[in-house]
Each structure stands twice: as structure tokens, then as C-alpha cells.
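Reviewing the structure listed below.
Every number here is computed from the coordinates shown, using simple stated rules; none is lab data. Keep in mind that what you see is a predicted model, and the values were worked out from it rather than measured. Cβ placement follows ideal geometry from the backbone for every residue including glycine, while neighbour counts extend to all protein chains displayed.
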Amino acid sequence: MRWWMWVILGVAAIGTTGFFYVQSRLSAPVMSESAVSDLRAEAAAQNETAFDAPQPESALYPVPSATKNVYFGDLHVHSANSFDSYLFGNRLSLDDAYRFARGELVENAVGEQMQLTRPLDFVAITDHAEGFGLHEACDLDEKSNELQAYCDRMERPDARFFLELRAQGEQRPPQNILDGYVGDPEEARGLKSATWRRVVDAANRNNRPGELTTFAAYEYSPPLPGRGKIHRNVIFRNGDTPNHAPSAFDALTELDLWRQLNGMCDGDCEYLTIPHNPNKSWGLAFASQTIDGDPYTEADWRLRQEVEPIVEMFQVKGNSECVIGFGTTDEACDFEQFLPVCDEDLATGCISSTSMIRDGLKKGLALEDELGFNPLAFGLIGSTDVHNSNPGDTEEWDFRGANGILGAPAKTRLTSPRARNLNNNPGGLAAIWAEENTRDALFDAMQRKEVYATSGTRIGLRFFGGFTLSPDLLTAPDLVEAAYESGVPMGSSFVAANDGAPSFLLWAVRDPLSAPLDRIQIIKAWTKDGETHEAVFDVACSDDRAPDAQTGQCPATDAAIDLANCTFATDRGAADLKQVWTDSDYAADQNAVYYARVIENPTCRWSTYDSLRLGQDPLSIVTPTIQEMAWSSPIWISPN
């Protein structure tokens, strides 16, 4: 749906007066002190007891395990160290973000309280490298009048100033933010490196193996026209990092980024990169060219395969799994997805055929047929991309917007111009299967892609594939150990056999603080005669529902939910779902990829919780409920 259609619907839903009140307030060049005071008063008036929410719990620290524990975290978070976050009114520091990850309560820019129900196991604070050096420049004792005016402007929430800076970054080559303010290039580089040292020091200072693992990290952020992005988070294995964090001003494309990092990283230094928001990449996420139109060579594809093992496919700016069109009719693709399909590839403001991860996985199969290796054999994670220093705050009832005063409080979130805030969601989580909660163990798991994504809840998910996985495993006392011995886990691959069909073990366990499970599905994609294909199968459904013989899908759940207080049904759904599924249609000459998707029973969407806070009915222009999901990393079968 185009933005102007959202405007019309928004006015119809909330009334012209309310709509233009918020529009004028948020589109002002600078947010005045009185306007911020009004927002704080609105936040204080919200009814935070209009629904029942779980109480914060103490952290659990499982003992190391050879068959691996699942650890939940967030690898995409912004603190006040990011220039956009700071301009949006966030003043919570790197250390504040780490305190929040450990379970401590903080307040956002308008005074709304934010707190995790359960602490995170790991986190990476990924502030934009393009803004590194700005805070240090503003702290200089001697500044030019131009720099002083710039710094003064930074101190007031100012959306227009952010858009001006973003427009500089859209230029090719992008215009460095510090250009014209710090005349000496070496001094500017020194200021940027000082920011990066603060980032690394904070990560090292807050790292507590076995409790909270923290990674030194940052975001590489070349913007695209029309609010698009072709960004990557850079995660380092340990505290041995380069002295400088290459930004979009240093590295014009991802190929430049990887080459520069490879040149800087020596000794024990090791990194990986994670692209995010494929849905807003305007087709560049899985295209065969860079932002500047440079075609990928075979060497470029091999470099990408080496340093980019996982993709962030769910976050506050939407779901990047799939979209209806481009060969799919999968209805679940509409989950938290709000961009239309492009009329032609590489357009802006829409989804191209090389935007979504399912299309990227299918393209990887085609590239393997062509090149002999698959450079797009990536694993899947979720994260948040919050700009409020609140990593992992993905519970629907605790969503306080993602961008400071532009997304808070509740009245702003429900009545924002062009309904942009309504399109957002609390974001997802990264789940990692590792022997223990340490930097090395988690980094190794990310490299081998034994990871999965959730839309925000903490669903447990195991996924194994092989030719000797038996249904007898379902009742085995050592199920996981036997599965590792008989097959390969998510993120792995194996070679086809001339006889027999591959089987897959799926085991999902509900988040105890969220709704019971609805179903588990397998999504398969494969190549045949130079064409890619896909299919979706319901593998196990709750409440004794069986897949239809023709469609392969179970009937929809009838689990109820009370929108008056967001109480969900507990008499429907499953605490866990477990199945061994065999692909009887597999042929040994197929190049195929499979991943699992778990769907919960319905719960309230964040917008419904905000409506309750304000004492009003849920908005009619967005769905009042959602069905949270989890997606495994894929398993690949190469043809024999």
C-alpha cells in the first residue's frame, strides 16, 4: 500500500484533528521543549495497568552442554552514540544499553519505562560508523563557529536535520558528515577512531562470559534514495579489532568494506558481516551488483561466502522472509510486511525479486548450478534495530517505538504521519545454538549458521536433516544427541543419495510467556531445468488438526483472544510440536534447500496494547492480533 493511502486511512481512523495535530508536531524543524514536555505528560497519563503483563524474571545460566544450549540475544542495537538516535532524543549511553540487556529498567526519551521480562544472553551494540567522531568533535575545547552551530543543533530533537544528513550520505560518493567542520582529515580520522575505541572498550568492559556476552560491533550504513538501505552490521569475534571502523565514507560498497576489513584484521582479529532489511534494499540485497552497479565476479561471490554467513531477516522495519508474488502464494508472507511488490526490479519504495531471503536462497541454488558453489547459503537471525538503547525489547506489550520521540508515547505511535510507526513492530531476536555462552562459542555457531530467527518471542527450535533420521527418534531419550549422530543441524548441508528420500526432524517448544504453538512448517525450494521452485508443507499442527491431502495445509486455528485485555487462549495449541517429515518428492538430481517455520497461536499486536493504554478500541487499519513466528536456518542438499 502506498504511503498516501495510509494517510487517507489514518485520517479516517483517528480523525482529521488528531492526525494533523501529531503531523504538525512531529514535522516541525526542531522539537521545542514545550512539545517534549507535552509528550512526557501524555506518557505519564497512559494506563499501564490496562492489561496483565509478565513480571521481570531473574536470568537463567544453563551449564555448558555438548548438545548445545539455545541463547537469545540482539545483534542490532543503537545507543545515543548513533547520530540519528541522538537526534531522535535518545540520551542513553552504551553502558545504559548493556544495563538494559542485563534486565535493568530504563526510561525512553519521553519517560516511558522499558524493561526486559528476561535478560538477554548476548548483545552487540551496532552504532552507525558514519557518525563516529561527531560527539568527540563537539567535545573539543576549541571549535569553529560552524562546528559550534552544528553541535548546538545536535542537542535539540530535529528530524529535519537528520534528513539533511541522510541526504548527504545518499550522494555518490557520500559526503562525509565531518567535512567542513573539522578541516584536517587526520584530525577527523582520529576523532572517529576515538569513538570506535569507546565502543570496543565498552563491549570488553561489559562482557561477562556465561552471563551476558557482548561483541564489539558497529553498523556500516550507506543509505539509498527513498529511505532505502543496503546496510550491514560488522561483528568481531573478540576485543582484537582494527584501530578504525570503515564506514560508508571509507568503503563505497560492501566489496570495499570486506577488502578493507581483511587488510586491517590481523592476528586474532576476526569478523563477520550481517546484512539487514533486505525488504528495503530496493533489490540490491541479493542482486549480482553493488550499489554502484559494479557486477559481482566469481571472486566477489567467494569473498561474500567467506565473510557473510547469516542474514538478519526480521526487525522493526519489517519481515524480509518472502512476499506474495515472485512465484509464491504463501499467505504467511504477509506477516509484518507492508511494502508492495515492484513493477520492475531495482525500483525504490517496493520489493524486487532480489529483495527477500527466500528469493535469495533460490538465487543461491541457481548460482551453485552455474558456479559450482553457493555464495548465498546463509543462515537466518532476527534482531531489533532499535534506536532507544533497549536491546531485545521485543515483547509486544513493552514496545515503546524504535526511534526516540518520533515513536513515543502511545498516542504518537498510533497517530503518526503516514502511519510509519504503525508499520513498525518491536523487532526480532537472534537465537544461537552453542555449547556455552562465550564469544568464541557464539561466534563459531554464527559462522556455521546453527542459528535461527524469531519475531520476538523465545520459541525453542531444533531442525535436523539427513537420510537416516528415523521417526523412532521422536521417543528416544537422547533425541538431540541421536539427531546429531544421524543427520546435520540447521545451517548445514549434505549430498544427495541415489536411493532413499531425505528426512527432517523438527522440534519446536513454546515460549512459556507467550501463546501455545499453532503449527510447524517446512519451506522447500529447488531448481529444475534451470528454473527455481518452492513449496510450503504443514508438518505438524496442534489440536489434532491434520494437513489437507490436496493443499498440504491444516485448517486455521480457532484459538480465541480477548481484545479487551489481550488474554489469549490456553485451551488451544501445543506446548511443543515434534515430527520427522520425509520429502517423498525429492529427486537425487535436485539442488534443494529447506527451512522450518514455527507459528504461534494469536496474541495481541503492540498497537492493540497501546490502544488499551489510551482507553480506546483497537485501530481498524491494522490487524489487532498477530501470530508470532520462528524461522530456522536452512539445510541444503546438493545434487549427487
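General observations
- Extension gain, Asp268 to Ala194, is 24.5 nm, computed as 0.36 nm per intervening residue step minus the present C-alpha separation.
- Once the Cβ-Cβ distance of Val495 and Glu331 is raised to the sixth power relative to R0 = 25 Å, the FRET efficiency obtained is 0.15.
- Positive-end residue of Asn424, Leu120, Leu612, charge dipole of the chain with Cβ unit charges: Leu612
- Length gained on full extension, Asp38 to Arg160: 41.9 nm, using 0.36 nm per residue less the C-alpha separation.
- Among the lysines of the chain, pairs that are 8 or more positions apart or on different chains and have alpha carbons within less than 12 Å of each other number 5.
- Residues His276, His533, ranked from the fewest to the most other C-beta atoms within 10 Å, line up as His533, His276.
- With the convex hull drawn around the C-alpha atoms of region 204-271, the volume per residue stands at 101 Å³.
- By other beta-carbon atoms within 10 Å, ranking Val598, Val234 with the fewest at the front produces Val234, Val598.
- Across the chain, C-alpha contacts under 8 Å between residues 6 or more apart give a mean separation that, scaled by the residue count, equals a relative contact order of 16 percent.
- Cβ-Cβ FRET estimate between Glu370 and Arg259, R0 fixed at 22 Å, reported to 0.05: 0.40
- Peptides 383-392, 560-569 ordered by average Cβ neighbours within 10 Å, highest first: 383-392, 560-569
- Approximate spin-label separation Asp478-Ala167, in nm, with each point projected 7 Å along Cα-to-Cβ: 6.6
- Virtual spin-label span in nm between Ala53 and Ser65, 7 Å along Cα→Cβ: 3.0
- Ordering Gln175, Thr394, Gly210 by Cα displacement along the dipole of region 3-453 toward the positive end leaves Thr394 in first place; charges were set at the Cβ atoms of Lys, Arg (+1) and Asp, Glu (-1).
- When volume of the Cα convex hull per residue in Å³ is calculated for this entry, the matching label among (1) 150; (2) 176; (3) 167 is (1).
- Between the beta carbons of Asp240 and Leu346, assuming R0 = 35 Å, the FRET efficiency works out to 0.35 to the nearest 0.05.
- A Cβ-based charge dipole, computed about the Cα centre of region 451-600 with Lys and Arg at +1 and Asp and Glu at -1, lands at about 340 debye.
- With the simple spin-label model, which puts each label point 7 Å out from Cα in the Cβ direction, the Glu306 to Glu211 separation comes to 3.8 nm.
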